[in-house]
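Participant: Structure in structure tokens, see below.
Each reported figure results from applying straightforward, stated rules to the coordinates on display, with no laboratory input. Only a predicted model underlies this, so the values are computations on that prediction, with no experimental measurement involved. Don't worry about glycine lacking a Cβ; one is built from the backbone with ideal geometry, like all the others, and counts go over all protein chains shown.
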Amino acid sequence: MKKLILATTALTALATTANAGGVERTTQSMNVLFEEGRYLEFGAVFASPDVSGVGGLVTPGLSSGDMTESYLNFSVSYKADLNDTWSYAIIYDQPYGADVSYPGAPGPGSYFAAGSTATLETHALTGVLQYNMPSNVSVYGGLRVQSLEAQVSTPFIAGYTASGERDVQLGYLVGAAYEKPEIALRVALTYHSAITHELDTTESTSATPTVTEIETPQSVNLEFQTGIAEDTLLFGSVRWVEWTAFEIAPPAFPGGSLVSYDDDRTTYTLGVGRRLNETWSVLGSVAFEDTTGSPTGNLGPTDGFWRVGVGAIYRKDNMKVTGGISYTGIGDADTRVGLAVPGGIFEDNSAVAAGLRVGWTF
């Protein structure tokens, strides 16, 4: 049962990559801390969202076309035991990102946001130290070094462009876990702090450089798993993120905020894993994030989602290969231009993702 637990938790991260809320691309899970012994893992996820809408009051009836780009997300994790009491992990990931590109060129007969582009890129390196108590309880904490950069072009708002240079800042995390190996039970609660970046920004509407403040939000992650039958595991998570604290609003942008959210988000995931033999395990999961109905910006026209994912784990000696695919139904959203003008109506959108992780215990 122990091996099934570890294999399953590795795949839960694959199933929660695309459109998890806001511009989030990973759940920042601490599951690697619970791998046995010394462990090294490389991961990659390919996601292909398809998001399009129809113009509202500005360009009624005109389609935006698919305004999202496919992307690759990479991660590397290393975990080791210092002794029977202390463990540590080092994790590289790309927690937030955006690749927006409205097709076409601005002008008569085109969707109002045609030709608009935006990118957001982050890289993070996290170091975590874990203290394991005799009572099956462990506590852990660490520091997170994160870089962020962003660029945007919105021809429909005064031909505006902006480029924010890479900024590096520090955050932290703390957490606790309880394990009961005889029933394959583990519950882990992790808090990640917000990280505030200050990007030196060149804006087309300003004669001098400006500074754009972007706060990546604080979050709370509750992850659990328990055996429910021989070789069968129930697992899931509840994740809360303070998206109301996230805003991209360069000082000289004439339209208020480029990206902002009126509501915080809670994401629920539930799945079942089954070990078929010593080599193969399979699992399936579902996830849900509620649709709030609040208007969104034109660079992020999504509102909640539902998702199904399936995967398999192959073990050979000290190697573990985890693969999974997921389909996400993206919640319908209405956008605004400025503070009040209806922009676009985005409905029936979706995303597919496929991921692969390869890990070694040594």
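Participant: Arrange the following residues from fewest to most other Cβ atoms within 10 Å of their Cβ: His197, His123. Before the final figure, lay out the partial values.
Facilitator: Working: His197 21, His123 18.
Final ranking by Cβ density, sparse to dense: His123, His197.
Participant: With point charges of +1 on the Cβ of Lys and Arg and -1 on the Cβ of Asp and Glu, referenced to the Cα centre of region 2-361, which listed residue (Ala188, Val45, Asn83) lies farthest in the positive direction of the dipole?
Facilitator: Selected residue: Asn83.
Participant: As a check on your grasp of the helix formula, calculate [θ] at 222 nm for the chain: sum -39500 (n - 2.57) over DSSP H runs of n ≥ 4, divide by the residue count, round to the nearest 500. Could you put the intermediate results ahead of the total?
Facilitator: Values: 1 runs with 13 residues, N = 362.
Rounded to the nearest 500, the figure is -1000 deg cm²/dmol.
Participant: Something else now. Please state the charge dipole magnitude for region 138-280, taken about the Cα centre, from unit charges on C-beta atoms (+1 on K and R, -1 on D and E), reported in debye and rounded to the nearest 20.
Facilitator: Details: 8 positive and 19 negative charges, 91 e Å.
The calculated dipole for region 138-280 is roughly 440 debye.
Participant: I've got another one for you. By a straight-distance test (C-alpha under 20 Å), which aspartates and glutamates pair with Lys79 as possible cross-link partners, with residues fewer than eight away in the same chain excluded?
Facilitator: Lys79 reaches Glu35, Glu36, Glu41, Asp93, Glu179, Glu223, Asp317.
Participant: Could you give the length gained by full extension between Val145 and Leu189, i.e. 0.36 nm per residue of separation minus their alpha carbon distance, to one decimal place?
Facilitator: Details: separation 44, 0.36 × 44 = 15.84 nm, distance 2.08 nm.
So the extension gain works out to 13.8 nm.
Participant: How big is the Kirkwood radius of region 234-297, worked out from every pair of different alpha carbons and given in Å to one decimal?
Facilitator: Details: mean 1/r = 0.0669 Å⁻¹.
Over region 234-297, the inverse of the mean reciprocal pair distance is 15.0 Å.
Participant: Something else: Among Val174, Ser204, Ser260, pick out the residue whose Cα is farthest towards the positive end of the charge dipole of region 162-275, where Lys and Arg carry +1 and Asp and Glu carry -1 on C-beta, about the Cα centre.
Facilitator: It is Val174, whose Cα lies furthest towards the positive end.
Participant: For the chain, give the magnitude of the charge dipole about the Cα centre (Cβ charges: +1 Lys/Arg, -1 Asp/Glu; no others), in debye to the nearest 20.
Facilitator: Details: 19 positive and 39 negative charges, 233 e Å.
Dipole size: approximately 1120 debye.
Participant: Can I ask one more? So, counting K/R as plus one and D/E as minus one, what does the shell of residues with Cβ under 11 Å around Asp348 add up to? Could the numbers behind the result be given before it?
Facilitator: Working: positive: none; negative: Asp50, Asp332, Glu347.
With Lys, Arg at +1 and Asp, Glu at -1, the neighbours total -3.
Participant: For Thr85 and Val168 in one chain, what is 0.36 nm times their gap in residues minus the Cα-Cα distance, to one decimal in nm? Display every interim value, and only then the final one.
Facilitator: Details: separation 83, 0.36 × 83 = 29.88 nm, distance 3.25 nm.
Stretched fully, the Thr85-Val168 segment lengthens by 26.6 nm.
Participant: From Cα pairs below 8 angstrom and at least 6 apart in sequence, can you work out the relative contact order of region 2-361, rounded to a whole percent? Could you put the intermediate results ahead of the total?
Facilitator: Numbers: 1071 pairs, mean separation 60.0, N = 360.
It rounds to 17 percent for region 2-361.
Participant: Next up: Just to confirm the number: angle between the C-alpha axis of helix 2-14 and the first principal axis of the chain, 0 to 90 degrees, nearest 10?
Facilitator: So the inclination is approximately 0 degrees.
Participant: So what is Rg over Rh here for the chain, counting just Cα atoms and using Kirkwood for Rh? Don't jump to the answer; show the numbers that get you there.
Facilitator: Numbers: Rg = 21.4 Å, Rh = 21.3 Å.
Across the chain, the Cα-based Rg/Rh ratio is 1.00.
Participant: Let me ask something else. Going by average Cβ neighbours within 10 Å, how do the peptides 70-78, 108-116 rank, with the highest at the top? Could you put the intermediate results ahead of the total?
Facilitator: Values: 70-78: 16.4, 108-116: 19.0.
With the highest mean Cβ count within 10 Å placed first, the list reads 108-116, 70-78.
Participant: Could you give the semi-axes, largest first, of the ellipsoid that matches region 78-175, computed as the square roots of 5 times the alpha carbon gyration tensor eigenvalues and rounded to whole Å? All intermediate terms of the calculation are to be shown ahead of the outcome.
Facilitator: On the way: eigenvalues 414, 30, 17 Å².
Value: 45, 12, 9 Å, ordered largest first.
Participant: Can you list the residues, at least 5 places off or on another chain, whose amide H is less than 5 Å from the amide H of Val337, using H built in the peptide plane?
Facilitator: The list, which skips near neighbours in sequence, is Gly343.
Participant: Further question on the same structure: Using per-residue counts of other Cβ atoms within 10 Å, averaged over each peptide, order 325-337, 155-167, 226-238 from highest down. Walk me through the numbers before you get to the answer.
Facilitator: Working: 325-337: 20.3, 155-167: 17.8, 226-238: 16.2.
By packing density, highest mean first, the sequence is 325-337, 155-167, 226-238.
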